[in-house]
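The values are calculated or read from the model by the stated rules, or taken from the named source; none is laboratory data. Remember, predicted model here, so these are calculated numbers, not experimental data. Don't worry about glycine lacking a Cβ; one is built from the backbone with ideal geometry, like all the others, and counts go over all protein chains shown.
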Amino acid sequence: MRARGVLIACLLVVLAAGCSGEDDGGEAQATGRTLDRSSFQEAVAAELRGEGYEVEPVSRSAARVSEGPNWIEIDLAAPFAEYETAPEREAAVVQEVVDETRQTLSEGISGAPFTAVEDEVMPLLKAPFELRAYGFEPVRTTAPGDLAVVYAVDAGDAFTLVRPEDVERWGTTLESMHRLALDNLLRRTNDDEPLLCEPSGGRELCGWASGDGYDATRMVVPELRDQIVEEIGGPAAYAVPMENVFIALPIAVLEEGRTEKAFRLKVEQDFQTADDPLSRDVFVERGGELTPLR
């Protein structure tokens, strides 16, 4: 009777989740279902979100995984192919992706020599309230209007803010890295993002709104401000109400009638409603340096 009871118990376990007399080595049991590509991607995303990461799909086979301001793009094509050959290993394959992602984000650029990243160091104009949300102190340079320039290694499929220990390990200085970062942004802009000027409300506005993440930061590059001054034929006033917008108009136009009031109102509205607000100030250049127009 006891043997029969054990057999019945085992049969019930088989019906519920599989029963084996041998150790399965920790592998997941067959679930009777097969995930398609999007379902597998969501299974990975769910595990990563459970670990505290933000996850955003970028294609049918890739996702962006973020930890604060840093992120990487993970390719899920190979893990999905591995899962397809052995669906019973779903949990193990998903966990391998999670472990590798965690390690990559944790290591960041800590093992990268400066020669490997110098072409990828980029500046970013940030507001103080944004920096306070990071939970760590990135390298920064003071910018006008209580703003700051921080620096990132932007490899295209990975983005990591530079910390003081990185600068020390690379054997460079903040001043040298600042100039390098501005040069890199200038080169990328001239290669890929030309200055746009168009009439608006009877006046010409110039600037960038490409959405590449560096539009507002272009304001701190002197050579790009020179392009605007040359295009509009005189000194300009600048505004960066949000991180993906940099606009400029001639100071002479700004000072006409109610233009300054209307322009400031528009900047304030954009600042208040933006997902990524930056500054409500209007800036001018004096002696080669930017300063808020109070």
#### Entry: Candidates Arg64, Arg49 - the one that is free of Cβ contacts under 8 Å to residues at least 24 places away in the same chain and touching a Pro at 6+ places or on another chain (Cβ under 9 Å)
Arg64
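Have a look at Pro69, Pro138, Pro128 and point out the one that is closer than 30 Å to Thr291 by Cβ and assigned by TED's automatic domain parsing to the domain that holds Glu47. Please lay out each step first, then the result.
Numbers: Pro138 fails: assigned by TED's automatic domain parsing to the domain that holds Glu47; Pro128 fails: assigned by TED's automatic domain parsing to the domain that holds Glu47.
On inspection, the qualifying residue turns out to be Pro69.
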#### Entry: Residues satisfying the stated conditions in region 19-49, i.e. surrounded by 15 or more Cβ atoms within 10 Å (Cβ to Cβ) and at pLDDT below 60
Ala28
## Note on the structure
Conditions (1) without any contact (Cβ under 8 Å) to a residue 12 or more places away in the chain; (2) of a type outside the set (A, V, I, L, M); (3) not in a strand (DSSP E or B) -> Pro199 fails only (3)
### Query
Do any helices (runs of 4 or more DSSP H) entirely within region 218-294 hold 3 or more residues that are at pLDDT below 95 and in contact with a helix residue (DSSP H, G or I) (Cβ under 8 Å, 6 or more places away or on another chain), and if so, which?
259-273
### Message
Against the condition surrounded by 16 or more Cβ atoms within 10 Å (Cβ to Cβ) and under 19 Å from Gln269 (Cβ atoms), how does Ala248 come out, does it pass?
### Response
yes
### Message
Here is a check on your reading of the model: is Ala91 surrounded by fewer than 19 Cβ atoms within 10 Å (Cβ to Cβ), outside the structural domain of Leu161 (by TED's automatic domain parsing) and at pLDDT 95 or above?
### Response
yes
### Summary
Note: among Gly145, Gly156, just one is at pLDDT below 95, of a type in the set (Gly, Ala, Ser) and under 23 Å from Thr104 (Cα atoms), namely Gly156
### Task
Just give me the residues in region 58-88 being surrounded by 15 or more Cβ atoms within 10 Å (Cβ to Cβ), of a type in the set (S, T, N, Q) and farther than 23 Å from Tyr151 by Cα, in sequence order.
Ser61
### Query
Name the pairs whose Cβ atoms lie under 7 Å apart, with the first residue in region 227-239 and farther than 11 Å from Leu195 by Cα, the second part of a loop (DSSP other than H, G, I, E, B) and of a type outside the set (A, V, I, L, M), and 6 or more positions between them or separate chains?
Val229/Pro235
